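Reviewing the structure listed below.
Every number in this text was worked out from the coordinates using simple rules, so none of it is lab data. The model shown is predicted, which means the values in this text are computed figures rather than measured ones. Cβ coordinates were reconstructed from backbone atoms using ideal geometry, including for glycine residues, and neighbour counts include every protein chain displayed.
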Amino acid sequence: MTAKDKRFPLLLSSVVGQGKRSDDRSKPAIKTEMPQTAMRNAVRHAAPKIGAHSIPGLNTTRATKTTPSPSPNTSSHSSVPLVSANIRKAMVAKVAQQGVIDSLVLGALEAIPRHLFIESGLSGQAYIDASLPIGHHQTISKPYIVARMIEIMRNGAELKNVLEIGTGCGYQAAVLSLVAKEVYSIERIKALHELAKNNLRPMRIPNIRLHYGDGMLGLPQVAPFDGIILAAAGLQVPQALLEQLTIGGRLIAPVGAGNQVLQLIERVAPLEWKSSILEQCHFVPLRQGVI
Ligand code: SAH
């Protein structure tokens, strides 16, 4: 690890800076029809369903419709149909039709603006239920599978701390932040780790900690976790991750090479894990080491 890496775990709010946040509070509310406005609207609609966390920077400011002002952060994503909370609602309805019933998870999916995690050229496809490229031969996962895996991992319980392997663009981490108290997410590709930081920074989500490293090793310094979710498929689940589950904790992972399946592993005793195979899925491969 380089000296720079040792700055992690990194509290997202520390990336954006606490000072900056209090400055922002003293300023008048930003009154533009920007993606953040859609996010606020969505959070407002979804708020009653969301128990674990809300996103401070987004649900405290009143969303007001005025003329859009140019902004370097959002101009490439500010096309009005894309930011419509209704489009996201329709996406969530489709996910629910496919059998996801956990209202906390569905509320989180409705609240997180997926188009902000996708490059502008593809953002027209942000709310179709598909995986999309995020660069470096990786993809943002399908909304259905994101919701399904979180639902299975959560199993109706309150999640204290969750570990995600494969941050990618940061979308799933953002969804998890509304479902669990603390979210740790590891990415092995430095450029994607940076991309996720940049994507998440404007959302000021206080309970996500991003790490650059090999997720196959987990995060022993923070373990145990009551939920672990893998966003990349290995031939088997790394033993280190099994050992970082709490007793009663649940891990959900895609496994396999060609034909992949979702595997749920529950730690039932200090040295006992119970495994079940669920539905078929398709994920990018889990790889060792960092690049
Ligand atoms: N969570 C993302 C999906 C990212 S795709 C979403 O929100 O849609 C899967 C990611 O897993 C890729 O970015 C890939 O680089 C990463 N990955 C693969 N093997 C890994 C490992 N051993 N440790 C950490 N990340 C890994």
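Can you find even one residue in the range 188-200 that is assigned to a helix (DSSP H, G or I) and without any contact (Cβ under 8 Å) to a residue 24 or more places away in the chain?
Scanning the range 188-200 turns up at least one residue that is assigned to a helix (DSSP H, G or I) and without any contact (Cβ under 8 Å) to a residue 24 or more places away in the chain.
Going through the range 201-219 one residue at a time, which ones are part of a strand (DSSP E or B), touching a Leu at 6+ places or on another chain (Cβ under 8 Å) and not charged (D, E, K, R)?
Across the range 201-219, the qualifying residues are ILE208, LEU210, HIS211.
Based on what the data block shows, is ILE229 of a type in the set (A, V, I, L, M), touching a residue at least 60 places away in the same chain (Cβ under 8 Å), more than 18 Å from ALA108 (Cα to Cα) and in contact with a strand residue (DSSP E or B) (Cβ under 7 Å, 6 or more places away or on another chain)?
It is false that ILE229 is of a type in the set (A, V, I, L, M), touching a residue at least 60 places away in the same chain (Cβ under 8 Å), more than 18 Å from ALA108 (Cα to Cα) and in contact with a strand residue (DSSP E or B) (Cβ under 7 Å, 6 or more places away or on another chain).
Can we say ALA223 is under 20 Å from ILE145 (Cα atoms), of a type in the set (A, V, I, L, M), surrounded by fewer than 23 Cβ atoms within 10 Å (Cβ to Cβ) and touching a strand residue (DSSP E or B) at 6+ places or on another chain (Cβ under 9 Å)?
no
Taking the range 272-291 as the region of interest, how many residues are more than 8 Å from the ligand (Cβ to nearest atom), of a type in the set (S, T, N, Q) and exposed (fewer than 12 other Cβ atoms within 10 Å of the Cβ)?
Residues that pass the stated criteria total 2.
Considering only the range 201-218, state which residues are touching a residue at least 60 places away in the same chain (Cβ under 8 Å) and within 13 Å of the ligand (Cβ to nearest atom).
ILE208, LEU210, HIS211, TYR212, GLY213, ASP214, GLY215, MET216, listed by residue number.
Every residue, every condition in (1) on the phi < 0 side of the Ramachandran plot; (2) more than 9 Å from the ligand (Cβ to nearest atom), yes or no:
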{"site": "ILE140", "(1), (2)": "yes, no"}
{"site": "MET153", "(1), (2)": "yes, yes"}
{"site": "GLY156", "(1), (2)": "no, yes"}
{"site": "LEU159", "(1), (2)": "yes, yes"}
{"site": "TYR171", "(1), (2)": "yes, no"}
{"site": "VAL179", "(1), (2)": "yes, yes"}
{"site": "ARG188", "(1), (2)": "yes, no"}
{"site": "ALA191", "(1), (2)": "yes, yes"}
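Of the residues GLY168, GLY107, GLY121, only one is within 16 Å of the chain's Cα centre (by Cα), among the small types (Gly, Ala, Ser) and part of a helix (DSSP H, G or I); which?
Unique residue meeting the criteria: GLY107.
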